[in-house]
Ligand SMILES: [Fe+2]
């Protein structure tokens with residue numbers, strides 16, 4: 001998965017297959033914006049078959065002007081889970097991964113501070 005931001009509208013999309021990027025979008029890279037890591041790097045916890053994600057180890061704000069817009073979980077086979085979030089919600093999500101085992105990567109997008117990621121052996 002790759003995440004792209006529209007430079008004018010600030011809208012964000014993910015592309016899971018293919019290389020064609022819509023005009024006006026630029027690729028986002030995890031950690032490219034200088035901001036507090038402890039509020040942005042996803043904090044991951046395995047609880048049985050459930051992956052618990054919190055952004056971050058110190059809870060990120062969820063204000064209308066500054067919040068986490070989405071959390072993605074990408075498994076090593078390319079399977080993708082997504083939870084969209086809104087202001088005033090908790091910056092967290094739970095994903096039931098069933099019998100999955102192996103490495104996975106969790107991404108989150110902050111409307112002010114961009115893309116962040118963390119990996120875990122699940
Ligand atoms: Fe932020």
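Numerical summary
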read-out	value
Residue check for residue 78: farther than 19 Å from residue 2 by Cα, away from the ligand (no atom under 16 Å from the Cβ) and exposed (fewer than 13 other Cβ atoms within 10 Å of the Cβ)	no
Considering residues of the stretch 107-122 that are closer than 20 Å to residue 14 by Cβ and more than 16 Å from the ligand (Cβ to nearest atom) only, the residue surrounded by the fewest Cβ atoms within 10 Å (Cβ to Cβ)	119
Of all residues making up the stretch 88-106, the number that are away from the ligand (no atom under 15 Å from the Cβ) and crowded, with 17+ Cβ neighbours inside 10 Å	6
Failed item, numbered, when residue 85 is tested on (1) free of Cβ contacts under 8 Å to residues at least 24 places away in the same chain; (2) under 10 Å from the mean Cα position of the chain (by Cα); (3) crowded, with 19+ Cβ neighbours inside 10 Å	(2)
Filtered residues of the stretch 40-75 (kept if near the ligand (Cβ under 10 Å from one of its atoms), closer than 16 Å to residue 119 by Cα and either out of contact with any helix residue (DSSP H, G or I) (no Cβ under 6 Å at 6 or more places or on another chain) or outside any loop (DSSP other than H, G, I, E, B) (or both))	40, 55
When residues of the stretch 1-30 are limited to those that are out of contact with any strand residue (DSSP E or B) (no Cβ under 6 Å at 6 or more places or on another chain) and within 16 Å of the ligand (Cβ to nearest atom), the one farthest from residue 67 (Cα to Cα)	29
Meets criteria (in a loop (DSSP other than H, G, I, E, B), surrounded by fewer than 12 Cβ atoms within 10 Å (Cβ to Cβ) and either modelled with pLDDT under 95 or touching a helix residue (DSSP H, G or I) at 6+ places or on another chain (Cβ under 7 Å) (or both)) for residue 19	yes
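The values are calculated or read from the model by the stated rules, or taken from the named source; none is laboratory data. What you see is a predicted model; the values in this text were computed from it and never measured. Methodologically, a virtual Cβ is constructed for each residue, glycine included, from the backbone with ideal geometry; neighbour enumeration extends over all protein chains shown.
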